[in-house]
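*Asks:* My questions all concern the structure below.
The values are calculated or read from the model by the stated rules, or taken from the named source; none is laboratory data. What you see is a predicted model, and the numbers here were worked out from it, not measured in a lab. Every residue, glycine as well, gets a Cβ built from its backbone with ideal geometry; the counts of neighbours run over all protein chains shown.
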Amino acid sequence: MTEHLHHDHSQCIHTALAAAEQLCKERGALLTPIRRKTLELIWNSHKAIKAYDLLDQLRPINDAAKPSTVYRALDFLLEQGLIHRVESLNAFVGCHCSGIQHDQLLLICTVCHNIEEREASPVLAALATELQQAGFIPQRKTIEIHGLCQNCSDKSA
């Protein structure tokens, strides 16, 4: 996400956690303390984070945390649509559209490493048409584009 000088990131975290709690309550899904903390750690920035980096951040809080602890929390958060897996980085990022089934267009800055999630309806509609014409039934659609975000592009100009 393109961060502005006055970006209040604590508001992003608060909004994401409140949305997660509400969605889980509506669905009857249990947002355990470890799942909530994992989501909070993912939302600490707009950069993708790897599972073992999450584990390193969880261990001071929960010394019993193991890789399986993190992977179970990540599986739950993915299943609930609260985060996205960034395939090309083997990492995870918070979802801005939690609770809504949607395709993903992720813009990944190669300089600052921020990730912006975009709706990009026309692009995804064109892709859906191509898939239909090919008779291909997608199970999941994620488009990841690596390049320069507007902030980094402006700085390099």
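*Asks:* Return only the number of the condition from (1) at pLDDT 90 or above; (2) surrounded by 11 or more Cβ atoms within 10 Å (Cβ to Cβ); (3) over 17 Å from the mean Cα position of the chain (by Cα) that residue 121 does not satisfy.
*Replies:* (1)
*Asks:* Give region 72-101 a look and list any residue that's of a type in the set (Phe, Trp, Tyr) and either out of contact with any strand residue (DSSP E or B) (no Cβ under 9 Å at 6 or more places or on another chain) or surrounded by fewer than 18 Cβ atoms within 10 Å (Cβ to Cβ) (or both), or say none.
*Replies:* Within region 72-101, 76 is the sole residue that qualifies.
*Asks:* Next question, about the same structure. Is at least one residue of region 45-59 in contact (Cβ under 8 Å) with a residue 12 or more places away in the chain, among the basic types (Lys, Arg) and either under 27 Å from residue 145 (Cβ atoms) or assigned to a helix (DSSP H, G or I) (or both)?
*Replies:* So far as region 45-59 goes, yes, one or more of its residues are in contact (Cβ under 8 Å) with a residue 12 or more places away in the chain, among the basic types (Lys, Arg) and either under 27 Å from residue 145 (Cβ atoms) or assigned to a helix (DSSP H, G or I) (or both).
*Asks:* Could I ask something else about it? Is one or more of the residues making up region 8-23 of a type outside the set (Lys, Arg), part of a loop (DSSP other than H, G, I, E, B) and in contact with a helix residue (DSSP H, G or I) (Cβ under 6 Å, 6 or more places away or on another chain)?
*Replies:* Checked against the condition, which is being of a type outside the set (Lys, Arg), part of a loop (DSSP other than H, G, I, E, B) and in contact with a helix residue (DSSP H, G or I) (Cβ under 6 Å, 6 or more places away or on another chain), region 8-23 yields no hits at all.
*Asks:* Same structure, new question: Identify the residue in region 33-67 that is hydroxyl-bearing (Ser, Thr, Tyr) and at pLDDT 95 or above and, among all such residues, is nearest to residue 21 (Cα to Cα). Please lay out each step first, then the result.
*Replies:* At the first step, the residues of region 33-67 found to be hydroxyl-bearing (Ser, Thr, Tyr) are 38, 45, 52.
Filter once more, so that each one left must be at pLDDT 95 or above: 38, 52.
Values: 38: 13, 52: 25 Å.
The extreme case among them is 38.
*Asks:* Kindly provide the set of residues from region 49-76 that are within 19 Å of residue 9 (Cβ to Cβ) and within 16 Å of the chain's Cα centre (by Cα), ordered by number.
*Replies:* 49, 53, 54
*Asks:* Moving to a separate point now. Which one is surrounded by the fewest Cβ atoms within 10 Å (Cβ to Cβ), of the residues in region 27-44 that are over 15 Å from the mean Cα position of the chain (by Cα) and part of a loop (DSSP other than H, G, I, E, B)?
*Replies:* Taking region 27-44 as the starting set, the residues that turn out to be over 15 Å from the mean Cα position of the chain (by Cα) are 27-34.
Filter again for part of a loop (DSSP other than H, G, I, E, B), leaving 28-32.
Values: 28: 6, 29: 15, 30: 9, 31: 21, 32: 13.
In this case the residue turns out to be 28.
*Asks:* To continue, here is another question. Among what's in region 124-157 and is loosely packed, with under 13 Cβ neighbours inside 10 Å and among the hydroxyl-bearing types (Ser, Thr, Tyr), pick the residue that is farthest from residue 79 (Cα to Cα).
*Replies:* 156
Residue by residue, here is whether (1) under 19 Å from residue 34 (Cβ atoms); (2) at pLDDT 95 or above holds:
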residue: 73; (1), (2): yes, yes
residue: 76; (1), (2): yes, yes
residue: 81; (1), (2): yes, no
residue: 84; (1), (2): no, no
residue: 92; (1), (2): yes, yes
residue: 97; (1), (2): no, no
residue: 101; (1), (2): no, no
residue: 104; (1), (2): no, no
residue: 116; (1), (2): no, no
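*Asks:* Continuing with the same structure: Could you give every pair whose Cβ atoms fall below 9 Å, whose first residue belongs to region 114-126 and is under 13 Å from residue 144 (Cα atoms), and whose second residue is β-branched (Val, Ile, Thr) and in a loop (DSSP other than H, G, I, E, B), counting only separations of at least 6 or pairs across chains?
*Replies:* Going by the 9 Å Cβ cut-off, the qualifying pairs are 114/2; 116/2.
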